[in-house]
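Below: one structure, written as structure tokens.
The values are calculated or read from the model by the stated rules, or taken from the named source; none is laboratory data. Predicted, not measured: the structure shown is a model, and the values here were computed from it. Cβ sites come from the backbone with ideal geometry, for glycine too, and all protein chains shown count toward neighbours.
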Amino acid sequence: MLQKLSISNYALIDNLEISFDSGLNILTGETGAGKSIILGALSLILGQRAESRYFFNQQKKCVIEGTFKIGAFHLKQFFEDNDLDYEAETVLRREISADGKSRAFVNDTPVNLPALKALGEKLIDIHSQHATLEINDPEFQLLVVDAVAKHDGILSDYRLKFRSYKKATAKLQQLIDESNKAKADLDYFQFQYDELEKAGLSVDEQEKLEQELYALNNAGEIKRNLLAAHYLMQEGETSAVIQLREAGHQLTSLEKFNPQIAELYQRLNSAIIELKDIAAEIEIIEQRTHTDEARAEEINTRLSIIYNLQKKHRVNSNEGLLQLQDELSGKIQQAVFGDETIEKLRRQLDTDRKELEQLAAEISANRKKVIPEIESQVLGSLSEMGMGNASLSIELSTTPGRNSPSTGGGLGANGIDEVRFLFTANKGHALAEMSKVASGGELSRLMLSIKSLIAQNTALPTIIFDEIDAGVSGEVANKVGQIMERLADNLQVIAITHLPQIASKGQSHYFVFKDEEGTTTYTRIKQLHEQDRILEIAKMLSGEKPGESALQNARELLNDLRL
């Protein structure tokens, strides 16, 4: 329910705050006082687009904030899906700057407008005398039937299984398409795979071959430099080893003068040993280094194969070629063995479909069972509101579809049924779609009857009736008020009305009025109590200056409220 609405800098409103009660809340006031302005502001936190030209002060931003009590509406999943913090008391806020930029928040977390609108639709249902689209929507009509059928558990189970079934069906089609394509391309894939397999590639082969080829191509230079290094280190008359040995002789004659010289001599001997080892290894490498034109040609041939394969398949490494080889293997396997996977999934889908059809048949039977009850209760409410000659017929038919021999129809998100409400307000007239045979006032009373029925069977969001009482008066207006009163036993109702009979039924009564201060006009709202409420209803009955009879009539209308 909507607990509190705060409006700042919107149209004729500078600052306004309204706290609503849980039952029937009535808003009255002169035409043009600002009741529609309040609804317009409320629509902003329900995701509607905004224009800064409607600001009270063009230099300030507009802020609309609504506090909602949402514990009964099972919305935790919605909050999780949209990465929002769930709170039993949730705050929706909309801020629109003077340049038209808008920001929306749910519990202080920024959200985009589609998310705000999706949440708003779950919290508030605004219905006016011209709002006929919903009542003619097959989805809404099916919701009415399901609400009375009270089979939320089996319907939720069906929907969950149906979503999985649709995903698996899409997966099956994908596998079939891929298998067909793989079969068509099998020869081509096999040729490519055989070519790569024949090449016998390894990940680091290319680098090793390129390094070996580089050494073969430069063998002469490598051999010369190694021989020169070996000569300088060990073979020449002034080689490094000879020079170091001579230095060692010089040090041995000095050991008796300084103990540290003996340590240096030992280190020098170690260096000579290491140097001789290095020279020996250089000699070995030099002896192994030789020109091998046959091997170079062999490497060139091998690298040419690798380079050509990389160029052909547009990769730059053996790793890429090996990855491609694995992919080709998978496609070949799919072409050869894909039918087994497809057949296995097809058998599973057949099993799943039979289970869905069984659930759908049970859901359909539940719906058929409650249709007479819906027709009877709606017509009973309409009769109370002066439409005793109305007729309503709810037709439930099987959805056209394929591959469902047990039901003769196709499975959908809500089962196998299509529903159609046919209506006429007048005796002797043919039943037809409601929008074609009912006036705005008749549709409003019809919607009130249907919403009242839904509210008896399920948790509805706050519902706002915007002057849907147009076209009724007298005792009919009183009956409309009574039905609104009963509706408010199960949910919060906010009704904007000009009829005293309806205004008198509210648990809370708010008066919207214009207030002029200097050269500026403001929209204000106040909650009426006792004598103020009697006076307001008396004015609605007889005019601005009601007499004692009007005041007494107002008291009688409010008698049930014990004012």
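Quick notes on this structure:
- Members of segment 393-424 found to be at pLDDT 85 or above and not in a strand (DSSP E or B), listed by number: Leu411, Ala413, Asn414, Ile416
- When Arg224 is tested against (1) more than 30 Å from Lys312 (Cα to Cα); (2) of a type outside the set (Phe, Trp, Tyr); (3) modelled with pLDDT under 85, just one condition goes unmet, and that condition is (3).
- When Ile272, Ile242 are checked against the criterion of being assigned to a helix (DSSP H, G or I), in contact (Cβ under 8 Å) with a residue 24 or more places away in the chain and not acidic (Asp, Glu), a single residue qualifies: Ile272.
- A residue that is of a type outside the set (Ser, Thr, Tyr) and modelled with pLDDT of 85 or more can be found somewhere in segment 432-441.
- Segment 437-485: number of residues that are over 36 Å from the mean Cα position of the chain (by Cα) and either under 20 Å from Ile124 (Cβ atoms) or assigned by TED's automatic domain parsing to the domain that holds Phe68 (or both): 16
- Qualifying residues in segment 33-76 (those that are of a type in the set (Phe, Trp, Tyr) and out of contact with any strand residue (DSSP E or B) (no Cβ under 6 Å at 6 or more places or on another chain)) - the one modelled with the lowest pLDDT: Tyr54
- Lone unmet requirement of (1) surrounded by 16 or more Cβ atoms within 10 Å (Cβ to Cβ); (2) in contact (Cβ under 8 Å) with a residue 40 or more places away in the chain; (3) within 60 Å of the chain's Cα centre (by Cα) for Glu362: (1)
- Residues located in segment 18-55, provided they are of a type outside the set (Val, Ile, Thr), within 17 Å of Ile126 (Cα to Cα) and part of a helix (DSSP H, G or I): Lys35, Ser36, Leu39, Gly40, Ala41, Leu42, Ser43, Leu44
- Take the conditions (1) of a type outside the set (S, T, N, Q); (2) modelled with pLDDT under 90; (3) more than 18 Å from Ile135 (Cβ to Cβ); (4) in contact with a helix residue (DSSP H, G or I) (Cβ under 9 Å, 6 or more places away or on another chain); Glu343 misses just one of them, which is (4).
- Checking Ile525 against (1) in contact with a Lys or Arg (Cβ under 7 Å, 6 or more places away or on another chain); (2) in contact (Cβ under 8 Å) with a residue 40 or more places away in the chain; (3) of a type outside the set (Phe, Trp, Tyr), the condition it does not meet: (1)
- Boolean, Asn15 is surrounded by fewer than 18 Cβ atoms within 10 Å (Cβ to Cβ) and in a strand (DSSP E or B): yes
- Residues in segment 245-266 that are among the hydrophobic types (A, V, I, L, M, F, W, C) and in a helix (DSSP H, G or I): Ala247, Leu251, Ile261, Ala262, Leu264.
- Sole residue being acidic (Asp, Glu) and touching a residue at least 12 places away in the same chain (Cβ under 8 Å), chosen from Glu298, Glu281, Glu286: Glu286
- Note on segment 496-563: no enclosed helices (runs of 4 or more DSSP H) hold 3 or more residues that are on the phi < 0 side of the Ramachandran plot and aromatic (Phe, Trp, Tyr).
- Here Gly388 passes the criteria (1) at pLDDT below 90; (2) surrounded by fewer than 18 Cβ atoms within 10 Å (Cβ to Cβ); (3) assigned by TED's automatic domain parsing to the domain that holds Leu186 except the one numbered (3).
- Strands (runs of 3 or more DSSP E) within segment 80-131 that include 3 or more residues surrounded by 13 or more Cβ atoms within 10 Å (Cβ to Cβ): 89-96, 102-106, 124-128
- Residues (surrounded by 15 or more Cβ atoms within 10 Å (Cβ to Cβ) and either part of a helix (DSSP H, G or I) or in contact with a strand residue (DSSP E or B) (Cβ under 8 Å, 6 or more places away or on another chain) (or both)) located in segment 185-211: Leu186, Phe189, Gln190, Gln192, Tyr193, Glu195, Leu196, Ala199, Glu205, Gln206, Leu209
- Ile534 satisfies every condition listed in (1) assigned by TED's automatic domain parsing to the domain that holds Asn9; (2) surrounded by 21 or more Cβ atoms within 10 Å (Cβ to Cβ); (3) among the hydrophobic types (A, V, I, L, M, F, W, C) except (1).
- Taking every residue in segment 531-550 that is under 19 Å from Asn478 (Cα atoms) and pairing it with any residue that is aromatic (Phe, Trp, Tyr) and surrounded by 12 or more Cβ atoms within 10 Å (Cβ to Cβ), at least 6 positions away or on another chain, the pairs with Cβ-Cβ distances below 7 Å are Glu536/Phe511.
- Residue among Glu207, Glu237 that is acidic (Asp, Glu), under 23 Å from Asn308 (Cβ atoms) and without any contact (Cβ under 8 Å) to a residue 24 or more places away in the chain: Glu207
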